[in-house]
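Engineer: Supplied in structure tokens, the structure appears directly below.
Just so you know, all these numbers are worked out from the coordinates, no wet-lab data involved. The structure presented is a predicted model; accordingly, all values stated were derived computationally and were not measured. Here Cβ is always computed from backbone atoms with ideal geometry, including for glycine, and neighbour counts include all displayed protein chains.
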Amino acid sequence: MPTLRLRAAAMTAACLFVAFAAHPAFAQTPASTIDKADTAWMIAATGLVLMMTIPGLALFYAGMVRKKNVLATMAQSMAATFLVSVLWAIAGYSLTFRGDGAFIGTLDRVFLYGLTMTGTSALAPTIPESLFMLYQMTFAIITVALVAGSVADRMRFSAFLLFGVFWLFLVYVPLAHWIWGGGFLGQAGVVDFAGGLVVHLSAGTSGLVAAIVIGKRRGYGHDNLAPYDLTLAVIGTGLLWVGWMGFNGGSALGANGRAVMAITSTHMAASAGAFTWMAIEWWTRGKPSVLGMISGAVAGLGTITPASGFVLPMQGVLIGIIAGAVCFWACTSLKLRLGYDDSLDVFGVHGIGGLIGTLMAGLLAVGSLSAGPDLPNGVRGLLEGNAHQLLLQFYGVAVTLVWAGVLTFVILKVIGLLVPLRVRQEDEVIGLDVSQHGEALQ
């Protein structure tokens, strides 16, 4: 009997070995094109971008709401992180970056099936495809988390979770595929280096629609809605600023000169944006606020994003100055004139910034920065004699505005049939920390 048991155990082990060996992840692959330096940089960049959401955006947003909503605001960033991560691995990545269909990708990487240790993607041939998948996951995470800032202080947590699921697959995934995954916008020639359309304009537009659909905060316009703790927001801004080095620099998908140029332009734009917002506020209101400085920095960072891999550092300064001035106007005069309650100015900073930056790419793009075997002259803007690129950028902006705006409206109306979008009035009074999560800061 012991001998029979041993033989049975040996046969079972052999079957398991054969089964595991047959799995695509353990399959033998041809000689890999993976570059160690590119891989090391992209691992670091992935960590930097993930840090932008937790703890960066979580702290940035939490510092600008009232004390009774700090934990609920952080919970939205945390929820976006774990929810989008799972959904991206299940189908989001495959639908976005597998296949070159004009409108959507394929399901051949559903549940990450077929992902190997040494396999690469045609879109990033010098790093493992698993790393490319993970890096792009961090972009999807922060985009969903950004939208939450527009409806802070009043959106029900269950509704936000449902919104994250629907919005990821119906808004983010198609846009990312259209521009980065081989879809019709990218094929037409629309460029977006690191997410001016895919991330910032889509999140800003959706945030504006969500703020209008859900309605204004209780007491908006006459109660004191001042931030609870701007020190949290300043720390969050610092983490976002540093993380943006991976956001824009990593979008070069390798350790190369273009990555360094994108990082340099990004830092210069952030600095110029912060200075410009501060100067305008100092001039118009008599004092330079800390909130204004960090808002200007984030405006510069968001605005340079789509152009960062196409422009020179001093052009980045120009973009930062424009971002600081126009986003200041959008968050003050425009917001007041239109009367919407975008709690944390997602539209004014990210939406307007993404729009401006996308157009500036069409105006200022320097061909030598993106020249390669497939595009000998690179992406050239209007200043290099290519007016067509600017027209293409307008096209990309229009498609993004319409798609994100209309789909967000539809998604919210459908969710509203399933669960209430907004907390009850009494819950809003006591705060979302207690009413939604049963916790509170002491």
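Engineer: Among rounded, prolate and oblate, which fits the stretch 158-221 when a ≥ b ≥ c are the square roots of the eigenvalues of its C-alpha gyration tensor, a/c under 1.5 means rounded, and a/b larger than b/c means prolate?
Structural biologist: Judged from the Cα gyration tensor, the stretch 158-221 comes out prolate (a/c at least 1.5, a/b above b/c).
Engineer: Find which of 233, 390, 201 sits farthest along the positive direction of the dipole of the chain, computed with +1 on the beta-carbon of Lys and Arg, -1 on that of Asp and Glu, about the Cα centre.
Structural biologist: Going by the charge dipole, the pick is 233.
Engineer: Using only alpha carbon positions, build the gyration tensor of the chain, then give the equivalent ellipsoid semi-axes as the square roots of 5 times its eigenvalues, largest first, whole angstrom.
Structural biologist: 37, 30, 19
Engineer: Could you point to the residue in 88, 309, 188 farthest towards the positive end of the stretch 24-437's charge dipole, with +1 and -1 charges on the Cβ of Lys/Arg and Asp/Glu respectively?
Structural biologist: The residue sitting farthest along the positive end of the dipole is 88.
Engineer: Using θ = phi - 60° and the Karplus relation 6.51 cos²θ - 1.76 cosθ + 1.60, list the HN-Hα couplings for the stretch 98-112 in order, rounded to whole Hz, with x at every Gly or Pro.
Structural biologist: So the J values, rounded to whole Hz, are 10, x, 10, x, 5, 10, 7, x, 10, 10, 6, 10, 4, 6, 6.
Engineer: Follow-up question, since we're still on this one. With +1 on the Cβ of every Lys and Arg and -1 on the Cβ of every Asp and Glu, and nothing else charged, how large is the dipole of the stretch 202-344 about its Cα centre, in debye rounded to the nearest 20?
Structural biologist: Using only the charged Cβ atoms, the result is roughly 180 debye.
Engineer: For the stretch 294-426, what does the relative contact order come out to in percent, with C-alpha contacts under 8 Å and a separation of six or more?
Structural biologist: Relative contact order, the stretch 294-426: 22 percent.
Engineer: Once amide H atoms are placed 1.01 Å from N in the peptide plane, what residues at a sequence separation of 5 or more from residue 379, or on another chain, have their amide H within under 5 Å of its amide H?
Structural biologist: 370, 371
Engineer: Next question. Can you tell me the dipole magnitude for the stretch 369-442 around its Cα centre, using point charges on the Cβ only (Lys, Arg +1; Asp, Glu -1), in Debye to the nearest 20?
Structural biologist: Value, rounded to 20: 340 debye.
Engineer: Which of 343, 77, 289 comes first, and how do the rest follow, when ranked by fewest Cβ neighbours within 10 Å?
Structural biologist: Neighbour counts put them in this order, fewest first: 289, 343, 77.
Engineer: Lys/Arg Cβ at +1, Asp/Glu Cβ at -1, dipole of the chain taken about the Cα centre: which of 367, 352, 252 is farthest positive-ward?
Structural biologist: 352
Engineer: Quick check on the stretch 350-442: what does the Kirkwood estimate of hydrodynamic radius come out to from the alpha carbon pairs, in Å?
Structural biologist: When all Cα pairs of the stretch 350-442 are included, the Kirkwood radius is 17.2 Å.
Engineer: Provide 85, 32, 308 in ascending order of the number of other Cβ atoms located within 10 Å of each residue's Cβ, fewest first.
Structural biologist: So the residues, fewest neighbours to most, are 32, 85, 308.
Engineer: What is the order of 84, 419, 165, fewest Cβ neighbours within 10 Å to most?
Structural biologist: Arranged by neighbour count, lowest to highest, 84, 419, 165 become 419, 165, 84.
Engineer: Apply the membrane-span-like helix rule to the chain: whole DSSP H runs, Cα extent along the own long axis of at least 20 Å, mean Kyte-Doolittle hydropathy at least -1.0. List the helices found.
Structural biologist: 2-22, 36-51, 70-87, 129-147, 230-249, 257-285, 290-304, 313-329, 387-418
Engineer: In debye, nearest 20: dipole of the chain around its Cα centre with unit charges on the Cβ of K, R (+) and D, E (-)?
Structural biologist: 540
Engineer: Sum -39500 (n - 2.57) across every DSSP H segment of at least 4 residues in the chain, then divide by the residue count to get the 222 nm mean residue ellipticity, nearest 500.
Structural biologist: -19000 deg cm²/dmol
Engineer: Show the residues, 5+ positions off or on another chain, whose built amide H is closer than 5 Å to the amide H of residue 422.
Structural biologist: Placed amide hydrogens put 156 under 5 Å from residue 422.
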